[in-house]
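In what follows, a structure is listed as structure tokens, so that the remarks can point back to it.
We did not get these values from a lab; they are worked out from the coordinates using the rules stated. For clarity, every value in this text was computed on a predicted model and none was experimentally measured. Counting neighbours? That spans all protein chains shown, and the Cβs are built from the backbone with ideal geometry, glycine included.
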Amino acid sequence: MRRDEFDIKDTAELEKLLNEVSFGTICFNDQPFPYMTGINFVFKNGCIYFHGATQGRKYSLALKNPFVSFSAVKEYAFIPSNFFKNSACSATQYFASAFFEGELSIEKDKIQKAAILELLMKKYQKSGKYESLNHHVYDKMLDKTAVFRLKINSHTLKIKVGQNLSKEQILLLIEKLKNRGEPKDLETVELIKRVYPENIE
């Protein structure tokens, strides 16, 4: 990563991002072009899990070459140029992004498949109100569903929320974000407080 100030090593921030983001993008090796597709996913025990069909391009590429990359991005506040200057050059988008490289495997054990799908349901349908995936009613569905496990070999976490600004500038930015008061602004303020290299409480 070119800008060291945006390189975050905190594993808690990484897990928080992956637990909050709904979609990620996985990239497979293919010819003549790489193949990218969006997926729902869940992060557990240092691995990324997702599901799909037991046929089709994603499944066949996973069998052909299991070495893939994966990314997930969360958008934070947009900072307009008039927060600091009128020049368009000062406008910027704050965000957090995780990038992974690793190796895919396909889960064969039906009990493990059900457990992973249960984790996906808990992430995306927090209200519950569904029959547990351990129920026999899902037996045929489990046979037709592929569950993928991405074992991570390397990763980076980039968070850009003004770490390159002076303390005076960051305090002014926080004031402006609070005054604008949109939900994403307040969430950005909390993230700034966690990752800014100086104490700004």
Revision key, fill the gap. Most fluctuating of MET121, MET141, MET36 in the GNM of the chain (C-alpha, under 10 Å) is MET141
Check your understanding: So what is the relative contact order of the chain, in percent, for Cα pairs below 8 Å that sit 6 or more residues apart?
Key -> 24 percent
Check your understanding: How long are the semi-axes of the ellipsoid equivalent to the stretch 55-115, from square roots of 5 times the Cα gyration tensor eigenvalues, in whole Å, largest first?
Key -> 42, 14, 9
Practice item. Just tell me the longest site-free run in the chain, where the sites are trypsin sites (Lys or Arg not before Pro) in a DSSP loop having at most 16 other beta-carbon atoms within 10 Å. Key: 10-84
**Study point:** Qualifying GluC sites (Glu not before Pro) for the stretch 54-144 [loop in DSSP, other Cβ within 10 Å: at most 11]
**Key:** GLU131
Check your understanding: Per the Kirkwood formula on distinct C-alpha pairs, the Rh of the stretch 1-115 is how many angstrom?
Key -> 16.6 Å
Check your understanding: So for the stretch 95-135, what percent of the C-alpha to C-alpha distances run longer than 17 Å?
Key -> 51 percent
Check your understanding: When the Karplus curve 6.51 cos²θ - 1.76 cosθ + 1.60 is applied with θ = phi - 60°, which whole-Hz ³J(HN,Hα) does each residue of the stretch 173-182 get, with x for Gly and Pro?
Key -> 4, 4, 4, 5, 5, 5, 5, 5, x, 6
Practice item. Within the stretch 74-145, list the chymotrypsin sites (Phe, Trp or Tyr not before Pro) lying in a DSSP loop whose Cβ has at most 16 other Cβ atoms in a 10 Å radius. Key: PHE84, TYR130
Practice item. Return THR54, THR92 ranked ascending by Cβ neighbour count within 10 Å, so the fewest neighbours appear first. Key: THR54, THR92
Review point. The stretch 100-196: D in µm²/s via Stokes-Einstein (Kirkwood Rh, Cα pairs, 10 °C, 1.306 mPa s)?
Key: 91 µm²/s
Point to revise | Debye, to nearest 20: dipole size of the stretch 1-104, +1 on Lys, Arg Cβ, -1 on Asp, Glu Cβ | key: 280 debye
Revision key, fill the gap. The answer for the per residue Cα convex hull volume of the chain, in Å³, is 147 Å³
Check your understanding: Residue by residue through the stretch 110-127, which ³J(HN,Hα) values in whole Hz follow from phi under the Karplus form 6.51 cos²θ - 1.76 cosθ + 1.60 (θ = phi - 60°), with glycine and proline marked x?
Key -> 5, 5, 5, 4, 4, 5, 5, 5, 5, 4, 4, 4, 5, 6, 9, 10, 5, 6
